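Below you'll find the structure, written out as structure tokens, and then a few comments.
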Amino acid sequence: MSSVIGIDLGTTYSAVAQFDEFGRPVMVPDADGKYLLPSCVALIHDEWRVGVDAWGQWSADHGQEHKSSAARFKREMGTSKTYPIGPHTLTPVELSSHVLKCLGDYTKKALGPLAPVVITVPANFSNEARQATIDASEAAGLDLANIINEPTAAALYYAYSGKLTQAGVYAVFDLGGGTFDITIAEFDGKSVDVIWSDGIARLGGVDFDEALQMLVKDKYEKMTGDILSEQNLSHEGLDLHRIQDMKHSLSRREKVSIFVKGKVIEVTRDEFESQISNYVTQIELCCENALEDGSIDHDHINGVILAGGSTRIPAIHQMVKNVFGTEPLSIANVDEVVALGAALYAGHRTDHDVLTKLQMMSATEMSVQDVTNKHFGTKALGDLYWLMNPSGEAPEVNSIIIKKGTPIPCSKTESYRTVADDQTRIDCTITECDTEEEEFNSNFVKVIGEGSLDLPPGRPAGQEISVTYKYDINQIMHCYFKDVDSGKEKEFTIDLMKSHD
């Protein structure tokens, strides 16, 4: 029988968990008995390496012109950025596929054949980044069943654990190496219903590492008058591996020391927290906005549950307490909850015919409903602005059809009109945006699908065009543009499992 697993593909570390034969989520160790694999790829002696060895090479490469390694590429998923590694140039998808293949290989060695897997993504990931993750899984030779938002996976594990003292609304605060997500969800036993999600795509532990590195650099230069080249910090004793260890120590101690070119540089926790205060403020504002946008009163939050290693930073812990008015719940290993939740979701979504009796009992006890993470709409001409514009021309707007935070699956239809006599075509554009303020400015939205619908000739302006978006539980959106009078229709499928028109 194939093993059911979930994968947390992280910015700094990745992990695998299994939905075991008893219907429990358990972490899967690598050959060295480690649960966390550094998300780093290197070319060492003409051999592709992933994990600890690659991380050491990347730390030495940092700031150098010629590199043989890459890390932190998850942030660039869905973009055109490339990474030179020796004679090769790799995309974030290709690098991620190396990490996923490594995870898959050691898991297969330990557990045998794998059932279709679940992979996690940040809740604030764009359509392009989600598709890139799917492409990486295919390139790694994995059969992908589903993707799931990271905070939703964490929420599912917390619900399964039975350690929440009461049903109600909880905030899932997920701060990892590269991204921040805040999700508000209602918990009832082993059921999770997401109410609202928000986040910051480029803010996490890697930013704290770089801030601490610059703090040590500045303190050394003030002490000695010796200017350190930012391109050679690794060779001056300030490689990011040591800096990360220093950051971890500051979560446990009030001050730590580091040797830089023979000098002892001391950094206090207060100095570090001051250095990252702008980031902490951004996270705080994001939490406040999530509560406001989700129409959730602070008093209705039963508790805050944590995910991601960066939540161990005392300043983050205190900020969470200040925002939500309650001590965060420390009832699980924050480095593992996303992978464990992904394994649970994999069991929940796997065909029950292939599960053991105990697995099936566990899978059927769980329930999870997520929400849309973006606003989805289409470009149109604004009738209201037509009346206000002295030139008689209506500007193009982004008309939102499915709003962010809508429970999925969902379906919504809006009606539009043709704007000219004898109009024989309409442009069909599918858009994605983060805020409702972008509704009236089509220049700041992403186009995730486009085409055209031919119309019958010889008709006056004002013909009705209905646009229907159907977003299903597998994060596939079917979009229909229909000329009501003639019945002619154009369908687009924005399919995160197999993107095509």
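Quick look at the values:
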| item | result |
| --- | --- |
| Residue among 174, 193, 198 that alone is at pLDDT 95 or above and under 17 Å from residue 323 (Cβ atoms) | 174 |
| Among the residues listed as 163, 217, 222, the single one being among the basic types (Lys, Arg) and farther than 27 Å from residue 280 by Cα | 163 |
| Among (1) at positive phi; (2) without any contact (Cβ under 8 Å) to a residue 60 or more places away in the chain, the one test that residue 112 misses | (2) |
| Selection count where residues are buried (at least 20 other Cβ atoms within 10 Å of the Cβ) and either in contact with an Asp or Glu (Cβ under 6 Å, 6 or more places away or on another chain) or of a type in the set (Asp, Glu) (or both), scope the range 280-314 | 4 |
| Selected residue (only one of 10, 78, 33, 23 is at pLDDT 95 or above, open to solvent by 30 Å² or more (accessible area, probe 1.4 Å) and not polar (S, T, N, Q)) | 33 |
| Filter result (at pLDDT 90 or above, in a helix (DSSP H, G or I) and more than 13 Å from residue 144 (Cα to Cα)) within the range 348-364 | 348, 357, 358, 359, 360, 361, 362, 363, 364 |
| Residues within the range 458-501 that are aromatic (Phe, Trp, Tyr) and either open to solvent by 40 Å² or more (accessible area, probe 1.4 Å) or modelled with pLDDT under 85 (or both), tallied | 1 |
| All positions within the range 207-234 that are aliphatic (A, V, I, L, M) and part of a loop (DSSP other than H, G, I, E, B) | 227, 228 |
| Test: residue in the range 251-264 that is in a helix (DSSP H, G or I), of a type in the set (D, E, K, R) and open to solvent by 10 Å² or more (accessible area, probe 1.4 Å) | no |
| Candidates 60, 129, filtered to the one that is open to solvent by 30 Å² or more (accessible area, probe 1.4 Å) and closer than 24 Å to residue 309 by Cβ | 60 |
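The values are calculated or read from the model by the stated rules, or taken from the named source; none is laboratory data. Please read these numbers as outputs of a predicted model, since none were measured by experiment. Because the Cβ atoms are built from the backbone with ideal geometry, glycine has one as well, and the counts that use them run over all protein chains shown. Remember, those area values only see protein heavy atoms, side chains included, never the ligands or the DNA or RNA. Shrake-Rupley method; radii C 1.70, N 1.55, O 1.52, S 1.80 Å.
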